[in-house]
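What follows is one structure encoded as structure tokens, with my remarks underneath.
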Amino acid sequence: MSQTSPAAASGTLRSRPFPEQEYRTRLRAVQDRMAQRSLSSLVVADPANLYYLTGYNAWSFYMPQCLIVPAEGDCHLFTRTMDAAGAHYTAFLPRDRIHGYPDHLVNRSDVHPFDWVVDRALELGVLVDDPEEYVAAELDAHFFSVRSYLALQSGLKRSALVDSNELVNWVRVRKSALEREKLHKAGEIAQCVMETALRELEPGRRQCDVVAEIQHAQALGARKLGGDYPAIVPMLPTGETAGTPHLTWSDLELQRGEATTIELAGVYHRYHAPLARTVVLGKAPRQLVDCAEATNEGMVALLEQLRPGMRTCDVHRAFTDTIGKYGLSKESRIGYSIGIGYPPDWGERTMSVRAEDETEIEQDMAFHIILGMWMDGWGYETSESLLVGPDGPDLLTDVPRGLTAKE
């Protein structure tokens, strides 16, 4: 006869990051958006959105899974049986709203788990197959495959299947008071991690050794705050490769006279505070110093514009006008919205700070402003994560800006 452990009996086996009412408020906001678009159901596949709406948190997103939200009533989670067995430890959903498809459907060419999901969802009534109904799915989510879409489409023979257009992501852009607390704690961790990175970068050390210290600091967290794994691994372009973004690390030694750009994140309960800085080991070349100074002046200018009522394109213009005085330009976006993150991205895939984006900035939005100046064979990168307060940006970290030179 099995016995319940003391931890399970006391409810401390796994702590949920938010109270149930927070999830119910979020679900209501999503269903309100669905009503505006006359949607009968929404198929949610982005693990960040599953976490946002239910608290479900596991490394199961490499397999087909989804949350189905009906226009009215309760949502239901569908995942692999072995994952469904433990989903109640993190999701606020009761066990009768967590459904596991059989394992014999995994990695088959003749059948797909979404075949089972659609049949079960129709039985439960969270999907309706009717010519006058519209079912939305997250067609651009990283883990919603083409075969998942085709299986869903095949099972809904009469309802129209449409793109959700990141419906849940747009609900997420304004952070609740509890979410803002999570972001501030993620910022505390990010600060500790970046301070570790700046301290550990030394000539002769292997890049992988420095990254090992960074990853240790990310898990260790700050004070009593335990860190979480980041959606993106630490990025460490160095020397000539510092002129390009998104490179990770190697086992080569760091060289005196070379610059390294560091991009990382502090993570708390899946909320991310990304941060980037640039370090040069030795005397910095004049062109790097000049670029850093102009870029930092641009950061100050754009932060002055990043307040409620302004548009993202206004913020972008403040930066480009400033660096333009020094003969510099930047084609790529200079920021994006942040919050919950799962691999392979910590961005929310909504707002981008660029010339073409006219989204109005509102209080309680969160951004990662990242100024990467990638040149031919060299580069400079600096960034800030922030919440939008009533009077302007509330920075999540306090790491000195500018080029760090370690002689």
Requested in this report: Based on the mean of other Cβ atoms within 10 Å per residue, sort peptides 108-118, 152-162 so the most packed one is first.
Outcome: 108-118, 152-162
Requested in this report: Provide the gained length on full extension for the span Ala212 to His88, in nm with one decimal, where the gain is 0.36 nm per separating residue minus the Cα-Cα distance.
Outcome: 41.3 nm
Query raised in the report: What part of the accessible area of segment 253-407, given as a whole %, is carbon or sulfur when the probe is 1.4 angstrom?
Result: 44
Query raised in the report: So what's the back-of-envelope 222 nm ellipticity for the chain, counting only DSSP H runs of four-plus at -39500 (n - 2.57) apiece and dividing by all residues, rounded to 500?
Result: -10500 deg cm²/dmol
Query - Summed side-chain charge close to Ala71 - residues other than Ala71 whose Cβ falls under 14 Å, Lys, Arg +1, Asp, Glu -1 - result: -3
**Report entry** Accessible-area order (highest first, 1.4 angstrom probe) of the listed residues Cys192, Cys291
**Finding:** Cys192, Cys291
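Relative contact order of segment 87-210, please, whole-number percent, based on alpha carbon pairs below 8 angstrom and at least 6 residues apart. Display every interim value, and only then the final one.
Details: 75 pairs, mean separation 23.1, N = 124.
Once normalised by length, the contact order is 19 percent.
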Report task. Quick one: compute the contact order of segment 318-407, relative version, from alpha carbon pairs under 8 angstrom and 6+ residues apart, as a percent. Result -> 19
Query raised in the report: By DSSP, what percent of the beta bridges with both residues in the chain are antiparallel, rounded to the nearest 5?
Result: 75
Requested in this report: Starting at the first residue of segment 76-88, write each ³J(HN,Hα) from the Karplus equation 6.51 cos²θ - 1.76 cosθ + 1.60 with θ = phi - 60°, in whole Hz, x for Gly and Pro.
Outcome: 10, 9, 10, 8, 4, 3, 5, 7, 4, 4, x, 4, 5
Query raised in the report: How big is the gap, in Å, between the Cα center of segment 65-144 and the Cα center of segment 174-209?
Result: 35
Query raised in the report: In nm, to one decimal, how far is the modelled label at Glu123 from the one at Tyr229, with both set 7 Å along Cα→Cβ?
Result: 3.3
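Under unit Cβ charges (Lys, Arg +1; Asp, Glu -1), what dipole magnitude, rounded to 20 debye, does segment 186-277 have relative to its Cα centre?
300
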Query raised in the report: Given a cut-off of under 8 Å on Cα pairs at least six residues apart, what relative contact order in percent is computed for the chain?
Result: 14
Requested in this report: Considering only Arg307, Arg277, Arg205, give the residue with the highest GNM mean-square fluctuation for the chain, with springs between Cα atoms whenever their separation is below 10 Å.
Outcome: Arg205
Query raised in the report: So which aspartates and glutamates can Lys224 reach, going by Cα to Cα under 16 Å and dropping same-chain residues fewer than 8 places off?
Result: Glu181, Glu188
Query - Ser40, Ser145, reordered so the largest accessible area comes first (probe 1.4 Å) - result: Ser145, Ser40
Query raised in the report: For the chain, modelled as a GNM with alpha-carbon contacts under 10 angstrom, which of Gly73, Gly187, Gly327 fluctuates the most?
Result: Gly327
Query raised in the report: For segment 148-210, what is the accessible area per residue in Å² when the probe is 1.4 Å?
Result: 41
Query raised in the report: Using only Cα atoms, what Kirkwood radius does segment 199-289 have, in angstroms?
Result: 13.8
Requested in this report: Determine the dipole magnitude for the chain: charges of +1 sit on the beta-carbon of Lys and Arg, -1 on that of Asp and Glu, nothing else is charged, the reference point is the Cα centre, and the result goes in debye to the nearest 20.
Outcome: 720
Report summary line: Expected unfolding gain across Glu358-Leu247 under the 0.36 nm per residue rule, minus the alpha-carbon gap, is 36.9 nm
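Give a quick list of GluC sites (Glu not before Pro) in segment 58-155 that DSSP marks as loop, anything other than H, G, I, E or B, with at most 14 other Cβ atoms within 10 Å.
Sites meeting the loop and neighbour criteria: Glu72, Glu132.
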**Report entry** Charge-dipole axis of the chain as Lys and Arg at +1 and Asp and Glu at -1 on Cβ define it, positive-most pick from Phe367, Tyr268, Leu127
**Finding:** Tyr268
Query raised in the report: How do 313-320, 356-363, 43-50, 99-106 rank on mean C-beta neighbours within 10 Å, highest first?
Result: 43-50, 313-320, 99-106, 356-363
Report task. Please report the Cα spread of segment 175-241 along all three principal axes, rounded to whole Å, starting with the longest. Result -> 44, 24, 16
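The values are calculated or read from the model by the stated rules, or taken from the named source; none is laboratory data. Here the structure is a predicted model, which means the values were calculated and not measured. For neighbour counting, all protein chains shown are included, and Cβ atoms are generated from backbone atoms with ideal geometry for every residue, glycine included. When the accessible area is computed, the model is the full protein with side chains, heavy atoms only, and any ligands, DNA or RNA have been set aside. Shrake-Rupley method; radii C 1.70, N 1.55, O 1.52, S 1.80 Å.
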